[in-house]
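Colleague: Could you have a look at this structure, given as structure tokens, before my questions?
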Amino acid sequence: MKSKIFISVLLLLGNLFSQTKIKIEGNVFDEDKKPLPMVMVFLSNSGDGAMSDDQGKYSFSTKLNGKIILNANLIGYDKFSKELELRDQKKITIDIELKESALKMKESVVSASSFGSEKGKGLVLSRIDVLTTPGGAADLFQSLKTMPGITQVSESAELYVRGGDPIETITMIDQALIYHPFSYESTYGSLFSNLKNEFIKGMYFSSGGFSAKYGNVLSGVLDIETKGVPTSMHSNFGISLANTNFSTEVPLIEDKLGFNFNFDQSFTKPIFWLNGGLEKFTAAPTSKNITGSVNYAYSKTGKLKLFGIYARDIQGVSVEQTEYEGTFDGNTQSKFINLQHSNVLFSKLVMKNSFSVSNYSNQWKLGVLDLIKTDKVYSFRNDFEYFISSRSRLLSGVEYEKRKVNYLGQIPNNDYNIRPDAQRKVIDADILGSRIGGYMELESATTFGINNFASAIGIRYDNIPSLKLGWVNPRINLSYKLNDHSTIKTAWGIFNQLPDPRLFSSVEGNPNLKSMKAVHYVLSYDYLFDEDNSFRIELYHKDYKNLPLENLLLNYDNNGKGFANGVDVILKSALSNGWSGWISYGFINTKRKWMDFEQLTSSSFDITHNFSLIAKYFIASNWQVGINLKYATGRPYTPVIGADYRAMENVYEPVYGDKNSSRFQNYKRLDLRLTYFTTLFDRFNSVFYLEGLNILDLKNIFGYYYSPDYSERKEVSSYFGRRTVVVGMSLGF
Amino acid sequence: MKTSISTKLFIFFFLLGSLLHISFALTTNEQMKEGITLAQKAYVSYDKETFQKAYDIFGNIYSADSTNLPALYNLTYVEYRFLEMGSRDKALFDKYVTQAVEHAEKISSAKGFGSEGKTLLASILMMKITYNWAEAMTLSPRINALLGEAEVINPNNPRAYLIHGIMKLNTPAAFGGSVKEGLEKFNKTISYFEKEEEESTSLTINWGYLDALAWTGIANEKLEMTDAAIFVYKKALSIEPEYSWVKYVLLPKLEKTQNGTKNTF
């Protein structure tokens, strides 16, 4: 009996003893032994834990015993876990060293002249900015044109970056190159982009000094990431005077599988009927766009994404050319498909691969001109990011593209005579080429151990086997954070790009042309007031070399050159009183000796002053009014100063003055948008809008056409040369 | 020196008045504390009727003395909870939304309530967005500005970081939201709450700690840091074992998901 009592007492004591609290304490610090506050330190599967204080100290008690896992979590750092054996200790001291997560480096932005869609990464153009920019038609490219570094050469969606031709800016979607991301292409450019805003997850745009990962490009980069697996089912239906649209996001297996789909059909008849101008069209422009993606997350880090666009548009416009009054018929079809795979290997290596195919065809008919252009591109790209440490990473990659451009049809012998019976040349030209590229770049957040001094130093090599041509491009970006608000950045780099494929034609061009070359110098200062308000000023200089220049013997050689100097400024703001928007201004002086410009002359992209003001204000709850005010110096053009009669053809040939010696009138436009946000029937998130494009009916012109003998000229109005009203709505459900 | 009868009477009535005032104040304070206790209990069980009782107490005190700002603050806090409940109850939301905004605007401009008042106003405006997304366009900039001001006035106000975190977490990434930024705000909230020394004499409700733990768990879940989510949920229950949101909703759901995952393999 006594022994039983003794055992019971022992058990009771043991039980009591096991209930004794054990104190666990210690310090949390980083690799430099700097204390880390606000780190959550806790025991697995329990409520026992604490947060580290300002000195990195933590302390808590637990009644648990046995083998227990101690964890420590802090965003931006690798998770810490350690097994503890809790027995009869009164106190355990565990110091915790957290290693900065390698993936945190992705947050740093070194490059100058860039902006993206994510906050905390400098200058931001968010999806909501794109959606609500008055006059932007929720089109990414049209909205981008209000940002600094992009000149207002015309109303087209193409991006003229710091004095560069639009072909000098590339667009990438999920790593894949897309050369024709536009609809309604005509001789005056394209009006909108094919990439629908609903699909954009993130974007990065750079107008100079960009990373070595981007090759065969001279002026700018637009790098777009599309959405992944949808998290919830969501659909949207929209209709306006110009188009109708339906999009949906459908998760099939939570966080694993889902698809996104968008159908867009434009029909411009109602808008021209309401605003006038329908008589100009033999076939009012219409377009169709089907975009879709299937996303599959096969593991926590492994993802597959199949993304495709099918776009088609037709237009028939009455034209009044000097010697020909008829119609311009345009018919474009574009298909693009890309399969992207990404995964994180060995926790420090991010791998992304893409394989894409694009097939573009475009037919233009104007008088004697009847030309079909097809452009097929196969491309493969592999990018690696290896996180050497928490403060440095190595980027590398290879890419391969095969491009076949074909021109088939007939073109006029002389530009000045496009009558249907004019002399013509029949062409069937194939331009075939492939390019292999590779790059390597080292990024460091603390260059030479100096805090706040970030750098990206890279080099790339591109090779065109068929031309036996190769080039090496070194590039450097440096950034120094002066304080929490101010950062100074500088960039230098060499950039090469092949000229337009048509210049490689063995008949009309020169198959032995070399690549064009540009050297960028950029100096920039960013001031971030807070995450919604920022300011940037940037100075740049670009030197162009090896530009294609007309040559009597060879058709073209590489003796062209040029330069672009300028300054870009932007102030972007969202105030608590309901105002938001941005003001951007760009000054540029750019000259080129290229193509048929025999002397260094103001290039056609030399738009001296570019000014944009985007302002949005909530006039009442749910009601927003926005304006988009644009002003730009008139585009240079070469005037006609006389004409010679060609008896053989019974036509006048214009005599031109000095190249680009005149300018069109300055470009001025004010767009107004009134938006009403509401929820209908407690279910449909609805947006109603009324938009007035060129509300002041200011005259802007594309060019001139002339009387047959060139003695008189008339103006060709721009797309939005007259006041245009659009109404529309969208329902989200 | 002789004291006149009138002076004596004056002193008598002055002392009597002071005594009555003190006893009335004591009663008011006790009522206020009772209201606070009820409101805290109501939040734990998420019970509308208990909130209503607290609301009536604060309402009576405020009706009797419209200069009683702590009463106004507590009243507005309960209205905030009604709006929170009203995100799925239109009648409840409509009943309280107008006066909640009016009260919050008043308290946000009251001396001594700058940071807390602005935070409460931001919370109420946030509820308006929850009820009607279309108001996000108008209200989000205002909420962010209010919270910015609240954080400047009192950088240690945990509730300002809490509401900021909820905003960050629930805003789509394309519109500036971020789970990571949300979690950073929640961690800050918890850290400030744990540093705070609660004054037992305080006449304003000290709310948000349990919310912060729950939201921290949600953010951790979204970032697939399940261990951390379980920890904060269990921590919340160790502080308040009957905390209904965690006890009946968040933790069981997470455990169910975990078990489901385990069963798959």
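The values are calculated or read from the model by the stated rules, or taken from the named source; none is laboratory data. Worth saying up front: this structure is predicted, and the values here are computed from it rather than measured. For neighbour counting, all protein chains shown are included, and Cβ atoms are generated from backbone atoms with ideal geometry for every residue, glycine included.
Colleague: Of the residues that make up segment A:213-220, is at least one crowded, with 21+ Cβ neighbours inside 10 Å, away from chain B (no Cβ under 14 Å), modelled with pLDDT of 90 or more and outside any loop (DSSP other than H, G, I, E, B)?
Modeller: The answer is yes; a qualifying residue exists.
Colleague: Does A:SER342 count as free of Cβ contacts under 8 Å to residues at least 60 places away in the same chain, surrounded by fewer than 18 Cβ atoms within 10 Å (Cβ to Cβ) and out of contact with any Cys (no Cβ under 8 Å at 6 or more places or on another chain)?
Modeller: On the way: free of Cβ contacts under 8 Å to residues at least 60 places away in the same chain: yes; surrounded by fewer than 18 Cβ atoms within 10 Å (Cβ to Cβ): no; out of contact with any Cys (no Cβ under 8 Å at 6 or more places or on another chain): yes.
Answer is no for this residue.
Colleague: Go through (1) part of a strand (DSSP E or B); (2) more than 12 Å from chain B (Cβ to nearest Cβ) and name the single condition A:ASP88 misses.
Modeller: (1)
Colleague: Now for a separate question. Can you pull out every residue in segment A:275-301 that is of a type in the set (Gly, Ala, Ser), more than 14 Å from chain B (Cβ to nearest Cβ) and more than 23 Å from the chain's Cα centre (by Cα)?
Modeller: Our first condition is that a residue be of a type in the set (Gly, Ala, Ser); within segment A:275-301, this holds for A:276-277, A:283-284, A:287, A:292-293, A:297, A:299.
Filter again for more than 14 Å from chain B (Cβ to nearest Cβ), leaving A:276-277, A:283-284, A:287, A:292-293.
If the condition is that a residue be of a type in the set (Gly, Ala, Ser), more than 14 Å from chain B (Cβ to nearest Cβ) and more than 23 Å from the chain's Cα centre (by Cα), then A:GLY276, A:GLY277, A:ALA283, A:ALA284 are the ones that fit.
Colleague: If you don't mind, another one. Go through segment A:603-635 residue by residue and tally those that are more than 14 Å from chain B (Cβ to nearest Cβ) and either surrounded by 21 or more Cβ atoms within 10 Å (Cβ to Cβ) or closer than 23 Å to A:ASN533 by Cβ (or both). Even if it seems obvious, please write down each step before you answer.
Modeller: Let us first name the residues in segment A:603-635 that are more than 14 Å from chain B (Cβ to nearest Cβ), namely A:603-614, A:627-635.
From the residues that got through so far, the ones that are either surrounded by 21 or more Cβ atoms within 10 Å (Cβ to Cβ) or closer than 23 Å to A:ASN533 by Cβ (or both) too are A:603-607, A:610-614, A:627-630, A:632, A:635.
Within segment A:603-635, residues that are more than 14 Å from chain B (Cβ to nearest Cβ) and either surrounded by 21 or more Cβ atoms within 10 Å (Cβ to Cβ) or closer than 23 Å to A:ASN533 by Cβ (or both) number 16.
Colleague: Taking the condition surrounded by fewer than 23 Cβ atoms within 10 Å (Cβ to Cβ), part of a loop (DSSP other than H, G, I, E, B), in contact (Cβ under 8 Å) with a residue 12 or more places away in the chain and in the same structural domain as A:ARG722 (by TED's automatic domain parsing), does A:ALA138 pass? Quick ask: steps written out before the conclusion?
Modeller: On the way: surrounded by fewer than 23 Cβ atoms within 10 Å (Cβ to Cβ): yes; part of a loop (DSSP other than H, G, I, E, B): yes; in contact (Cβ under 8 Å) with a residue 12 or more places away in the chain: yes; in the same structural domain as A:ARG722 (by TED's automatic domain parsing): yes.
Criteria met by A:ALA138.
Colleague: Listed residues A:SER580, A:SER573; which is farther than 24 Å from A:ASP165 by Cα, within 14 Å of chain B (Cβ to nearest Cβ), in a strand (DSSP E or B) and touching a helix residue (DSSP H, G or I) at 6+ places or on another chain (Cβ under 8 Å)? Walk me through how you get there before you give the answer.
Modeller: Numbers: A:SER573 fails: touching a helix residue (DSSP H, G or I) at 6+ places or on another chain (Cβ under 8 Å).
Checking each option against the conditions leaves just A:SER580.
Colleague: State the number of residues belonging to segment A:551-570 that are farther than 30 Å from A:TYR527 by Cα and either within 14 Å of another protein chain (Cβ to nearest Cβ) or crowded, with 16+ Cβ neighbours inside 10 Å (or both).
Modeller: To start, the set of residues in segment A:551-570 that are farther than 30 Å from A:TYR527 by Cα comprises A:551-562.
Restricting the remaining residues to those that are either within 14 Å of another protein chain (Cβ to nearest Cβ) or crowded, with 16+ Cβ neighbours inside 10 Å (or both) gives A:555-558, A:560-562.
Summing the residues that are farther than 30 Å from A:TYR527 by Cα and either within 14 Å of another protein chain (Cβ to nearest Cβ) or crowded, with 16+ Cβ neighbours inside 10 Å (or both) in segment A:551-570 gives 7.
Colleague: Right, another one. Scanning for something in contact (Cβ under 8 Å) with a residue 24 or more places away in the chain, farther than 19 Å from A:ALA297 by Cα and part of a strand (DSSP E or B), does segment A:254-263 turn up at least one residue?
Modeller: First, pick out the residues of segment A:254-263 that are in contact (Cβ under 8 Å) with a residue 24 or more places away in the chain: A:255-263.
Now narrow it down to the ones that are farther than 19 Å from A:ALA297 by Cα: A:262-263.
Narrowing the set further to residues that are part of a strand (DSSP E or B) leaves A:262-263.
Checked against the condition, which is being in contact (Cβ under 8 Å) with a residue 24 or more places away in the chain, farther than 19 Å from A:ALA297 by Cα and part of a strand (DSSP E or B), segment A:254-263 yields at least one hit.
Colleague: A follow-up question, please. Quick check on segment A:45-57: of everything there that is surrounded by fewer than 20 Cβ atoms within 10 Å (Cβ to Cβ) and in contact with a helix residue (DSSP H, G or I) (Cβ under 7 Å, 6 or more places away or on another chain), which residue is nearest to the other protein chains (Cβ to nearest Cβ)?
Modeller: The selected residue is A:GLY47.
Colleague: Wholly within segment A:353-464, which strands (runs of 3 or more DSSP E) include no fewer than the required count, namely at least 3 residues that are closer than 21 Å to A:PRO499 by Cα and β-branched (Val, Ile, Thr)?
Modeller: On the way: elements: A:369-389, A:392-412, A:424-444, A:453-464.
Qualifying strands (runs of 3 or more DSSP E): A:369-389, A:424-444.
Colleague: Oh, and also: So, B:LYS106, is that one surrounded by fewer than 22 Cβ atoms within 10 Å (Cβ to Cβ) and in contact with a Leu (Cβ under 7 Å, 6 or more places away or on another chain) or not? Step through it out loud before you land on a result.
Modeller: Numbers: surrounded by fewer than 22 Cβ atoms within 10 Å (Cβ to Cβ): yes; in contact with a Leu (Cβ under 7 Å, 6 or more places away or on another chain): yes.
Considered against the rule, which asks whether it is surrounded by fewer than 22 Cβ atoms within 10 Å (Cβ to Cβ) and in contact with a Leu (Cβ under 7 Å, 6 or more places away or on another chain), B:LYS106 comes out as yes.
Conditions (1) in contact with a strand residue (DSSP E or B) (Cβ under 6 Å, 6 or more places away or on another chain); (2) on the phi < 0 side of the Ramachandran plot; (3) assigned to a helix (DSSP H, G or I); (4) not aliphatic (A, V, I, L, M), marked per residue:
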{"position": "A:GLU279", "(1), (2), (3), (4)": "no, yes, yes, yes"}
{"position": "A:SER287", "(1), (2), (3), (4)": "yes, yes, no, yes"}
{"position": "A:ILE290", "(1), (2), (3), (4)": "yes, yes, no, no"}
{"position": "A:LYS305", "(1), (2), (3), (4)": "yes, yes, no, yes"}
{"position": "A:ILE309", "(1), (2), (3), (4)": "yes, yes, no, no"}
{"position": "A:ILE314", "(1), (2), (3), (4)": "yes, yes, no, no"}
{"position": "A:VAL319", "(1), (2), (3), (4)": "yes, yes, no, no"}
{"position": "A:THR327", "(1), (2), (3), (4)": "yes, yes, no, yes"}
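Colleague: Moving on. Within 14 Å of chain B (Cβ to nearest Cβ) and in contact with a strand residue (DSSP E or B) (Cβ under 9 Å, 6 or more places away or on another chain) - does that describe any residue in segment A:151-162? First the steps, then the outcome.
Modeller: Here is the first cut: in segment A:151-162, the residues within 14 Å of chain B (Cβ to nearest Cβ) are none.
No, segment A:151-162 has no match at all.
Colleague: Of the residues that make up segment B:144-167, is at least one within 11 Å of chain A (Cβ to nearest Cβ), basic (Lys, Arg) and under 19 Å from the mean Cα position of the chain (by Cα)?
Modeller: No - not one qualifying residue is present in segment B:144-167.
Colleague: Hey, among the residues in segment A:577-602 that are surrounded by fewer than 16 Cβ atoms within 10 Å (Cβ to Cβ) and over 25 Å from A:LEU547 (Cβ atoms), which one's nearest to the chain's Cα centre (by Cα)?
Modeller: A:TRP579
Colleague: Here's another thing I want to ask about it. Name the residue, out of B:ALA214, B:ALA145, B:ALA150, B:ALA173, that is at negative phi and buried (at least 23 other Cβ atoms within 10 Å of the Cβ). Before the answer, list the steps.
Modeller: On the way: B:ALA214 fails: buried (at least 23 other Cβ atoms within 10 Å of the Cβ); B:ALA145 fails: buried (at least 23 other Cβ atoms within 10 Å of the Cβ); B:ALA173 fails: buried (at least 23 other Cβ atoms within 10 Å of the Cβ).
Among B:ALA214, B:ALA145, B:ALA150, B:ALA173, only B:ALA150 is at negative phi and buried (at least 23 other Cβ atoms within 10 Å of the Cβ).
Colleague: Which residues, counting only those in segment A:1-36, are at pLDDT below 90 and either within 14 Å of chain B (Cβ to nearest Cβ) or within 47 Å of the chain's Cα centre (by Cα) (or both)?
Modeller: Residues satisfying the conditions are A:LYS21, A:ASP30, A:GLU31, A:ASP32, A:LYS33, A:LYS34.
Colleague: Also: Given the criteria in contact with a His (Cβ under 9 Å, 6 or more places away or on another chain) and assigned by TED's automatic domain parsing to the domain that holds A:ILE588, does A:PHE453 qualify?
Modeller: On the way: in contact with a His (Cβ under 9 Å, 6 or more places away or on another chain): no; assigned by TED's automatic domain parsing to the domain that holds A:ILE588: yes.
Judged against the criteria, A:PHE453 is not a match.
Colleague: Could you tell me whether B:LEU183 is assigned to a helix (DSSP H, G or I), away from every other protein chain (no Cβ under 12 Å) and either in contact (Cβ under 8 Å) with a residue 24 or more places away in the chain or crowded, with 22+ Cβ neighbours inside 10 Å (or both)?
Modeller: Details: assigned to a helix (DSSP H, G or I): yes; away from every other protein chain (no Cβ under 12 Å): no; either in contact (Cβ under 8 Å) with a residue 24 or more places away in the chain or crowded, with 22+ Cβ neighbours inside 10 Å (or both): yes.
Against the criterion (assigned to a helix (DSSP H, G or I), away from every other protein chain (no Cβ under 12 Å) and either in contact (Cβ under 8 Å) with a residue 24 or more places away in the chain or crowded, with 22+ Cβ neighbours inside 10 Å (or both)), B:LEU183 does not qualify.
Colleague: Right, something else. Which of the residues that make up segment A:485-517 are among the hydrophobic types (A, V, I, L, M, F, W, C) and surrounded by 20 or more Cβ atoms within 10 Å (Cβ to Cβ)?
Modeller: Just the residues of segment A:485-517 that are among the hydrophobic types (A, V, I, L, M, F, W, C), to begin with: A:488, A:491-492, A:494-495, A:498, A:503-504, A:507, A:513, A:516.
Within segment A:485-517, A:ALA491, A:PHE495, A:LEU498, A:PHE504, A:LEU513, A:MET516 qualify.
Colleague: The conditions are (1) at pLDDT below 85; (2) closer than 20 Å to A:ASN197 by Cβ; (3) among the small types (Gly, Ala, Ser), and A:ALA284 fails exactly one of them. Which is it?
Modeller: All conditions pass for A:ALA284, except number (2).
Colleague: Quick one: would you say A:ASP709 is touching a residue at least 40 places away in the same chain (Cβ under 8 Å) and either surrounded by fewer than 16 Cβ atoms within 10 Å (Cβ to Cβ) or in a loop (DSSP other than H, G, I, E, B) (or both)?
Modeller: Working: touching a residue at least 40 places away in the same chain (Cβ under 8 Å): yes; either surrounded by fewer than 16 Cβ atoms within 10 Å (Cβ to Cβ) or in a loop (DSSP other than H, G, I, E, B) (or both): yes.
Yes: the conditions hold for A:ASP709.
Colleague: Does segment A:613-630 include one or more residues that are assigned to a strand (DSSP E or B), in the same structural domain as A:ASP415 (by TED's automatic domain parsing), without any contact (Cβ under 8 Å) to a residue 60 or more places away in the chain and farther than 21 Å from A:SER580 by Cα? Lay out the reasoning, then the answer.
Modeller: The initial filter retains those residues of segment A:613-630 that are assigned to a strand (DSSP E or B), namely A:613-620, A:623-630.
Those left that are additionally in the same structural domain as A:ASP415 (by TED's automatic domain parsing): A:613-620, A:623-630.
In the following step, the residues that additionally are without any contact (Cβ under 8 Å) to a residue 60 or more places away in the chain were identified as A:613, A:615, A:617-620, A:623, A:625, A:629.
From what's left, farther than 21 Å from A:SER580 by Cα: none.
There is no residue in segment A:613-630 that is assigned to a strand (DSSP E or B), in the same structural domain as A:ASP415 (by TED's automatic domain parsing), without any contact (Cβ under 8 Å) to a residue 60 or more places away in the chain and farther than 21 Å from A:SER580 by Cα.
Colleague: Between a residue in segment B:220-241 that is within 17 Å of A:VAL39 (Cα to Cα) and facing chain A (nearest Cβ under 7 Å) and any residue that is modelled with pLDDT under 95 and assigned to a loop (DSSP other than H, G, I, E, B), which pairs come within a Cβ distance under 7 Å, given they are 6 or more apart or on different chains?
Modeller: The qualifying pairs are B:ASP227/A:SER44; B:ILE230/A:ASN45; B:PHE231/A:SER46; B:PHE231/A:GLY47; B:LYS235/A:GLY47.
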